[in-house]
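Below is one structure, written out as structure tokens; the observations come after it.
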Amino acid sequence: MNYLTELLAFYRWIGEHRLPPLLQAYWHLLMYYNNKAAILAEDGHWYWPVNFRVANSVVGQALGLKDRFKINHQRKHLVRHGRIDYTPHTGQEAGDYRLIPFDPGLAQIWVRAEKSGARTMVWTQTRTGGAPETAPFINTVNHKPSSLYGSIQGGGDNIMGFNLLPPLTDEEKAAVRAEYPDNDVARFNAEWALREKKGGLA
């Protein structure tokens, strides 16, 4: 699962689905903790675990919710909106969260942790045109593998931990500037839309 891909898809999704700011913050919090729970597998790759835990005390403090009943109420909204699944546990033990990815190319596989050897179900990118077998691709935009700490862009934009959309050529940038010479916001939006189109997301 790719953080940036999911983030962009989330904001595209909330453009069509009303989601209160508190629930948006809840989703972002879960994305952070899902990413933080990344598993280093025996094959040397990092994976996002399918199931992860966040204590109610952590959720409550981050979102300003004072008791577990209010947390449960907000969590049910995210479940109803189809953004997460949640399995409660008995007693004071934290339940299992499961984010529902926007990326349709993800599949669940079992891996063994490099240090402990424990089996964990994780997300991985399914077969793509450039992949001979199921492999931990970060996204389907450029079909290049990436680690948790760095990315391989083949000469494109490079920010630690992310595979970004394909960059624009100088000619493409010049064409957009000519279309929006006095509107920086419109020019930025047009450039971003063009990058999404090049990356197959539009």
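No lab work stands behind these numbers, since they all come straight from the coordinates. Quick caveat: nothing in here was measured; it's all calculated off a predicted structure. Reconstructed Cβ throughout: ideal geometry from the backbone, glycine too, with neighbour counts over all protein chains shown.
Observations, loosely collected:
- Shown is the FRET efficiency for residue 18 and residue 169, computed with R0 = 30 Å from the Cβ-Cβ distance and rounded to the nearest 0.05: 0.20.
- FRET E, pair residue 189, residue 103, Förster distance 30 Å, beta-carbon r, rounded to 0.05: 0.85
- Segment residue 81-residue 25, length gained on full extension (0.36 nm per residue, minus Cα span): 18.7 nm
- Cβ-based net charge around residue 29, under 14 Å, with every Lys or Arg adding one and every Asp or Glu removing one: +3
- Summed residue charge, Cβ within 15 Å of residue 60's Cβ, Lys/Arg positive, Asp/Glu negative: +4
- Across the range 103-119, coupling constants 3J(HN,Hα) worked out from phi with the 6.51/-1.76/1.60 Karplus curve, θ = phi - 60°, read 5, x, x, 8, 9, 9, 9, 9, 10, 10, 5, 4, 8, 8, x, 5, 7 Hz, and Gly and Pro carry x.
- Reach of residue 76 by Cα under 17 Å, taken over lysines that are not fewer than 8 positions away in the same chain: 66
- Spatial separation of Cα centroids for the range 1-43 and the range 73-88, in angstrom: 14 Å
- Cα gyration tensor category, rounded, prolate or oblate, for the range 3-103 with a/c compared to 1.5: oblate
- Panel order for 52, 69, by other beta carbons found within 10 Å of each beta carbon, from fewest to most: 69, 52.
- Burial ordering of 50, 79, 122, 185, fewest other beta-carbon atoms within 10 Å first: 185, 79, 50, 122
- Averaging the sequence gap over all C-alpha pairs within less than 8 Å and six or more residues apart, then dividing by the number of residues, gives the range 49-104 a relative contact order of 41 percent.
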